[in-house]
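**Q** Take a look at the following structure, please.
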Amino acid sequence: MEAHSGLSAKIVEEAGFPGIWASGLSISASLGLRDSNEASWTQVLEVLEFMAESTTLPILVDGDTGYGNFNNVRRLVRKLCERGVAGVCIEDKLFPKTNSFIGERQPLADIEEFCGRIKAGKDSQSDDDFVIVARTEALISGHGLNEALLRAEAYRAAGADAILIHSKQKTGSEVLAFAERWQNRCPLIIVPTTYHATPTALFRQAGISTVIWANHNLRAAITAMRDTCRRIWEDESVREVEGQVASVQEIFRLVGNAELEEAERRYLPGRATASAVVLAASRGDLGELTRDQPKCMIDVRGQSLLMRLVSLLADSGIRSITVVRGYHKETIALNGIATVDNDRYAETGEVYSLACARERLDGETIVVYGDILFRRYVLDGVLAAEGDIVVAVDALGTVAGARATPRDLVAAERPFSGNYLDDAPVRLCAISPRLPMSQSSGEWIGLARFTAQGAVWLRQELDLIQAEEKLDNMDMPMLITRLAAKYPVFVHYIAGHWLDVDTLEDLSNARNFT
Ligand code: SPV
Ligand code: MG
């Protein structure tokens, strides 16, 4: 089956085919070029390298004429063996070649000269299993069956491992006649592109060894891409094509992201395994902007707040992200994130939303509001901080004029000292919007980290709160304050470089945030 790229090679393998035809036509067309040796042979080699890396199937390369004379074939074969390619097919034409379906009576190579290319190729293979397929274009060029047989036999005698007999007739009668007279002197290969209606069973009966479906992946891709482009152009939306096209998750699967994640667990320091729960169920009140979507979906310079937050998390190595949706949940559909729904978002609070994601609070977990943004180092700092429960606190939150309306004030064991050497952990006492400013050490920014142990405590506390029937009305500051009364909760101080979006003014700040 034809493939022309690493990805199409994988698709061929998954479909069950035993081998790949690296089609010259398809590879050049996928590069936007003609099948006339416009792509240099080393450019083709580069594509083959990606293909060989992507599949365990044997790849038979369409080597055109061998890109020159015997000398070019020698180097080609050496390089293909180095790249782990299984074989090459060379055709008895002249460089630069033209596709077999263009024009009539294309000139053929001299038989002796072509046999020299085959011999040189066989003498150059460094892998005993490498195969050279000799392709004769005698039928295509109108020279008839006898000439085709004469050439095929000469090529076999020169060392070809198999013969490809090409035909552009509408039926398979020509290649079937060839097969009958060939008498299986060596394996026979055909390319039923024009004689597609002839049943494959007939080729089997005739003893043909291999059938090449030469260009159908490329042609399928052209049709699919064209239909998709037209739909999106006309609709100015991807709504109609979603579900018709492969999902982004499917791309991740095909290229083996799971293996990378597994390798990351083996080779990267622990934090790459942290997951995140994003609380994004509430509407937020930003007037018109939140009429049909929650606050987290508001556009901030071409990307929703939530999208920006998800990228930030991913940049810090957090792969598994769960968003708790509620208000206009259908508008929250981001690729690569899981969602859980708080369908009672209108009458419940943050902790109820968090409890909806209870099953995801397992192992090291970040809990974060869906309407905040921060510089990446803030998250990296929280991830690196010591303690089973750590909250990010802006020490400037209480400085007059720093923020118009701090919402979650923090009482801590010690305020931020600003002293570079003073890095002893600071315990949290409470978070509350009602704390007097004078007793506050800063503002919680809406970001907390739980280790696996911290997550166990968090789940236990959620269960307790549920048993007390207080789940509906509790907010995150109340929950963290309850935790701080039982377990060590630590403060990670920062100084600005974050924002939340509660007001239109916040939103305009967010749009200037880089
Ligand atoms: C190719 O796939 O590039 C081939 C087969 O060589 S054909 O296009 O039929 O010549
Ligand atoms: Mg070709």
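**Q** Mean 1/r over all different Cα pairs, inverted: what Kirkwood radius does the stretch 1-105 give, in Å?
**A** Details: mean 1/r = 0.0728 Å⁻¹.
Answer for the stretch 1-105: a Kirkwood hydrodynamic radius of 13.7 Å.
**Q** Applying a 10 Å radius around every beta-carbon, put 435-443, 246-254 in order of their mean neighbour count, most first.
**A** In descending order of packing, they fall as 435-443, 246-254.
**Q** Let me ask you something else. Can you tell me, using C-alpha contacts under 8 Å and at least 6 residues apart, the relative contact order of the stretch 114-196 as a whole percent?
**A** 30
**Q** So, one more: What does the C-alpha gyration tensor say about the overall shape of the stretch 185-311? Classify as rounded when a/c is under 1.5, otherwise prolate if a/b is larger than b/c, or oblate.
**A** Cα axes put the stretch 185-311 in the oblate bin.
**Q** Among the GluC sites (Glu not before Pro) in the stretch 454-514, which ones are in a DSSP loop with at most 10 other Cβ atoms within 10 Å of the Cβ? Mind listing them? All intermediate terms of the calculation are to be shown ahead of the outcome.
**A** Details: sites: Glu461, Glu468, Glu469, Glu505; in loops: Glu468, Glu469.
Listed in order of number, the matching sites are Glu468, Glu469.
**Q** Averaging over all projection directions, find the projected area of the Cα convex hull of the chain and quote it in nm² with one decimal place.
**A** On the way: hull surface 125.2 nm².
The Cα convex hull of the chain, projected and averaged over all directions, gives 31.3 nm².
**Q** Taking all protein chains together and a probe of 1.4 Å, list Trp213, Trp233, Trp444 from the most accessible to the least accessible. Walk me through the numbers before you get to the answer.
**A** Details: Trp213 80, Trp233 205, Trp444 5 Å².
Ranking Trp213, Trp233, Trp444 by accessible area, largest first, yields Trp233, Trp213, Trp444.
**Q** Please enumerate, by chain and number, the lysines with C-alpha under 30 Å from the C-alpha of Lys170, excluding those fewer than 8 residues away in the same chain.
**A** Reachable lysines: Lys93, Lys97.
**Q** Rounded to the nearest 500 deg cm²/dmol, what is the calculated helix-only ellipticity per residue at 222 nm for the chain, with -39500 (n - 2.57) per DSSP H run of length n ≥ 4? If you can, show how the numbers build up before the last one.
**A** Numbers: 17 runs with 190 residues, N = 514.
Using -39500 (n - 2.57) per qualifying helix, the result is -11000 deg cm²/dmol.
**Q** To continue, here is another question. Find the centroid of the Cα atoms in the stretch 132-203 and in the stretch 1-70, then give the distance between the two in whole Å.
**A** With the stretch 132-203 and the stretch 1-70 each reduced to a Cα centre, they are spaced 22 Å.
**Q** Just to confirm, what accessible area per residue do you get for the stretch 176-262 at 1.4 Å probe, in whole Å²? Let's see the in-between values first.
**A** Values: 5810 Å² over 87 residues.
In whole numbers, the stretch 176-262 has 67 Å² accessible per residue.
**Q** Residue-wise, which Karplus ³J(HN,Hα) couplings in Hz belong to the stretch 423-432, taking 6.51 cos²θ - 1.76 cosθ + 1.60, θ = phi - 60°, and x for glycine or proline?
**A** Each residue's phi maps through the Karplus curve to give 10, 5, x, 10, 7, 8, 9, 7, 10, 7 Hz.
**Q** So for the chain, taking the charge dipole from beta-carbon charges (+1 Lys/Arg, -1 Asp/Glu), which of Ser237, Gly116, Cys356 sits furthest toward the positive end?
**A** Gly116
**Q** Taking amide H atoms as placed 1.01 Å from N in the peptide plane, list the residues 5 or more away in sequence, or in a different chain, whose amide H sits under 5 Å from that of Ala412.
**A** Result for Ala412 returns Cys429, Ser441.
**Q** Next up: Taking the chain as the reference, fit the longest principal axis to its C-alpha atoms, fit the long axis of helix 476-486 to the helix C-alpha atoms, and give the angle between the two in degrees, 0 to 90, nearest 10.
**A** Once rounded, one gets 70 degrees.
**Q** Identify, among Gln293, Ala346, Ser311, the residue whose Cα sits farthest towards the positive end of the charge dipole of the stretch 291-350, taking +1 on the Cβ of Lys and Arg and -1 on the Cβ of Asp and Glu, with the dipole about the Cα centre.
**A** Of the candidates, Ser311 comes out farthest on the positive side.
**Q** Additional query: Using the charge dipole of the stretch 404-514 (Lys, Arg: +1 at Cβ; Asp, Glu: -1 at Cβ; taken about the Cα centre), state which of His497, Pro433, Ala484 has its Cα farthest towards the positive end.
**A** Ala484
**Q** Take the solvent-accessible surface of the protein heavy atoms, probe 1.4 Å, and return the percent of it on the stretch 284-330 that carbon and sulfur atoms account for. Let's see the in-between values first.
**A** Numbers: 890 of 1890 Å².
Carbon with sulfur: 47 percent of the solvent-accessible area.
**Q** Rounded to the nearest 5, what % of the DSSP beta bridges within the chain are antiparallel ones? Numbers along the way, then the final one.
**A** Working: 22 of 63 bridges.
About 35 percent, rounded to the nearest 5.
**Q** Any chance you could give the angle, 0 to 90 degrees and rounded to 10, that helix 41-54 forms with the longest Cα principal axis of the chain?
**A** Roughly 60 degrees, rounded to the nearest 10.
**Q** Mind putting a number on the dipole of the chain about its Cα centre? Charges go on the C-beta only, +1 for Lys and Arg and -1 for Asp and Glu, and I need it in Debye to the nearest 20.
**A** Details: 54 positive and 71 negative charges, 179 e Å.
It comes to approximately 860 debye.
**Q** Once amide H atoms are placed 1.01 Å from N in the peptide plane, what residues at a sequence separation of 5 or more from Val323, or on another chain, have their amide H within under 5 Å of its amide H?
**A** Correct list: Val278, Ala338, Thr339, Val340.
**Q** On average over all directions, what projected area in square nanometres does the stretch 448-514 have, based on the convex hull of its Cα atoms?
**A** Details: hull surface 25.5 nm².
Mean shadow area of the hull around the Cα atoms is 6.4 nm².
**Q** Next question. Would you please put 141-147, 490-496 in order of how densely packed they are, using the mean number of other Cβ atoms within 10 angstrom per residue and starting with the highest? Display every interim value, and only then the final one.
**A** Numbers: 141-147: 14.6, 490-496: 21.1.
Ranking the peptides 141-147, 490-496 by packing returns 490-496, 141-147.
**Q** Which angle from 0 to 90°, rounded to the nearest 10, does the C-alpha axis of helix 111-124 make with the longest principal axis of the chain?
**A** Its long axis makes an angle of about 40 degrees.
The values are calculated or read from the model by the stated rules, or taken from the named source; none is laboratory data. Values in this document were obtained by computation on a predicted structure and should not be read as measured data. When we count neighbours, we look across all protein chains shown, and the Cβ atoms used for this are built from the backbone with ideal geometry, even at glycine. These accessible areas exclude ligands, DNA and RNA; they are computed on the full protein's heavy atoms, side chains included. Shrake-Rupley method; radii C 1.70, N 1.55, O 1.52, S 1.80 Å.
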